[in-house]
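Here the structure is laid out as structure tokens; the discussion comes afterwards.
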Amino acid sequence: SNDSRKNTFIPFALTQRSVTFRMIIVDPKDGGIIFESTDASNPWSGIDNRTGQMVEPNKAYIWQVIIDTPEAGEKSEYKGTIVRM
């Protein structure tokens with residue numbers, strides 16, 4: 001697709017505000033970090049940085065975002081799963 005929102009992953013809220021964060025993508029099979037970013041303009045493209053290859057399709061990968069200085073009442077950690085189609 002020519003739409004980067006379909007080819008890459010970054011939680012939308014990170015693109016809408018200025019916040020210091022760390023996002024990691026984890027391979028649930030071995031717990032290894034396959035991607036890391038601290039820049040909202042650097043989303044995950046589905047590449048495993050350990051191998052330089054596209055990750056396995058139809059498999060759920062774990063994402064986690066840690067916000068350095070959350071606002072009052074805001075959580076400092078968010079997580080979920082993302083499936084490469």
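Brief remarks on what is shown
- Using θ = phi - 60° and Karplus 6.51 cos²θ - 1.76 cosθ + 1.60, couplings along region 11-18 (whole Hz; Gly, Pro as x): x, 3, 4, 5, 7, 9, 9, 9
- 5 angstrom amide H check on ILE34, placed H, neighbours 5+ away: ILE25, VAL26, ASP27
- For the chain, accessible area per residue (1.4 Å probe, heavy atoms of protein chains only), Å²: 66 Å²
- For region 41-46, Karplus couplings with θ = phi - 60° (6.51, -1.76, 1.60), whole Hz, Gly/Pro x: 8, 10, x, 6, 9, x
- Helix-derived mean residue ellipticity, 222 nm - over the chain, DSSP H n ≥ 4, -39500 (n - 2.57), to 500: -2000 deg cm²/dmol
- Nearest-20 debye value, the chain charge dipole, Cβ charges on Lys, Arg, Asp, Glu: 240 debye
- Highest average first, the peptides 37-49, 69-81 ordered by how many other beta carbon atoms sit within 10 Å of their residues are 37-49, 69-81.
- Only protein atoms count toward the accessible area here, which uses a 1.4 Å probe; on the chain, the carbon and sulfur part of that area reaches 50 percent.
- For region 19-36, 3J(HN,Hα) per residue [Karplus equation, 6.51 cos²θ - 1.76 cosθ + 1.60, θ = phi - 60°, Hz, x = Gly/Pro]: 8, 7, 8, 9, 10, 10, 10, 10, 7, x, 5, 10, x, x, 7, 9, 7, 8
The values are calculated or read from the model by the stated rules, or taken from the named source; none is laboratory data. Everything numeric in this text was worked out from a predicted model, so none of it was measured. Heads up, the Cβs are rebuilt from the backbone with ideal geometry, glycines too, and the neighbour counts pull from every protein chain shown. Keep in mind that these areas ignore ligands, DNA and RNA; they rest on the heavy atoms of the full protein, side chains included. Shrake-Rupley method; radii C 1.70, N 1.55, O 1.52, S 1.80 Å.
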